[in-house]
Amino acid sequence: MPELPEVETVRRGLEPAMVGKQIVIADVWRPNLRWPFPKDMSDRLTGARVERLRRRSKYILGDLDTGETMLIHLGMSGRMAVSRPNVDVEDILANFHQLHPTLEKHDHVVLGMEDGTRIAFNDARRFGSMDLLATKSIEQHKLLAVLGPEPFGNAFDEAYLRATLKGKNSPIKSALLDQRVVAGLGNIYVCESLWRTGISPLRKVGSLSGKRIASLVPAIRQVLGEAIDSGGSSLRDYRQADGELGYFQHAFAVYGREGKPCKTSECKGLIKRIVQSGRSSFYCSVCQS
């Protein structure tokens, strides 16, 4: 499932194509994805102007001039494909038409922007979702209300993380995957952040000093920032809005590297893989403790 860097990369790719532009047509080709689409979604989107695109955790939020916000979640395989017409053809009546690539089988929602740009929400597995809600109450939406602070926000600092994790006795990896603790972190980037701080994913939160817990804040920000700069990590279905692959997976220190040498300088350990709560954890048992 796309994590924060992948969703942020998609948001940045959509921004120049959507912000400040009117949706002149909204085609909705099925009644639902993971959940039913909101009532009259096509009519409510058609004619609306996108004022802002922002991200909250793993959700893209498009604020419209109608007072509503379009909430998009990519799910496991969802992607937002941007196409701009670049070929003109003339019909027998001398009318010129701008051509787009042929729509794909799983292009379930297609937005036509005023400048001719087309945005297609493609989701083969249909675990994604779209919703329309009043902008003024968007933070009270059931999917957003329970989220912790953004990792790049001022609310997520060393004091906050120490206080939030105080008294917990779960493995540190499980604690960081809890979206109520910090929003947007997923399996890949927790593994990478723990490696950078030398903390084993098996360590119980209560056994870690405040200093070691605090060290996770800059490590998380660094890992996420580098991943965003790389366009995210392309595993399985993920693509950027322009169709390109992300390439942060080539910089993984531990994730997916079972049996390979640890990248810590002078460390002789090999990367191990274990399963925690049904998810793979990758770590070096020599330099992570």
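Rundown of residues vs (1) open to solvent by 30 Å² or more (accessible area, probe 1.4 Å); (2) within 11 Å of M130 (Cβ to Cβ); (3) at pLDDT 95 or above, yes/no style:
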residue: V24; (1), (2), (3): yes, no, yes
residue: V28; (1), (2), (3): yes, yes, no
residue: N32; (1), (2), (3): yes, yes, no
residue: P38; (1), (2), (3): no, yes, no
residue: D43; (1), (2), (3): yes, no, yes
residue: T46; (1), (2), (3): yes, no, yes
residue: R52; (1), (2), (3): yes, no, yes
residue: D63; (1), (2), (3): no, no, yes
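Here S137 fulfils each of the conditions (1) out of contact with any His (no Cβ under 6 Å at 6 or more places or on another chain); (2) in a loop (DSSP other than H, G, I, E, B); (3) not basic (K, R) apart from (2). Filter the stretch 1-22 down to the residues that are closer than 30 Å to V223 by Cβ and outside any helix (DSSP H, G or I), then identify the one that is most open to solvent (accessible area, probe 1.4 Å). My answer is M1.
Within the set L176, L194, the sole residue that is in contact with a strand residue (DSSP E or B) (Cβ under 8 Å, 6 or more places away or on another chain) and not β-branched (V, I, T) turns out to be L194. The residue pairs whose first member lies in the stretch 136-163 and is in contact (Cβ under 8 Å) with a residue 40 or more places away in the chain, whose second member is open to solvent by 20 Å² or more (accessible area, probe 1.4 Å) and assigned to a loop (DSSP other than H, G, I, E, B), and whose beta carbons are closer than 6 Å, counting only pairs six or more residues apart or on different chains, are L147/Q179; F156/P149.
If you filter the stretch 261-289 down to residues that are exposed (fewer than 14 other Cβ atoms within 10 Å of the Cβ) and among the polar types (S, T, N, Q), you find that the one that is farthest from I199 (Cα to Cα) is S277. Of the residues making up the stretch 18-40, those that are more than 20 Å from R56 (Cβ to Cβ) and among the aliphatic types (A, V, I, L, M) are I23, V24, I25, A26, V28. Would you confirm, using the coordinates I've provided, whether R221 is charged (D, E, K, R), touching a Ser or Thr at 6+ places or on another chain (Cβ under 6 Å), surrounded by 14 or more Cβ atoms within 10 Å (Cβ to Cβ) and at pLDDT 95 or above? No; evaluated as a whole, the condition is false for this residue. Scanning the stretch 37-76 for residues that are farther than 16 Å from H141 by Cα and either among the hydroxyl-bearing types (S, T, Y) or assigned to a strand (DSSP E or B) (or both) gives S42, T46, R49, V50, E51, R52, L53, L64, T66.
The values are calculated or read from the model by the stated rules, or taken from the named source; none is laboratory data. Every value quoted in this text rests on a predicted model; they were computed, and no experiment measured them. Virtual Cβ from ideal backbone geometry, glycine too; neighbours counted across all protein chains shown. We work out accessible area using only protein heavy atoms, side chains counted, and drop any ligands, DNA or RNA first. Shrake-Rupley method; radii C 1.70, N 1.55, O 1.52, S 1.80 Å.
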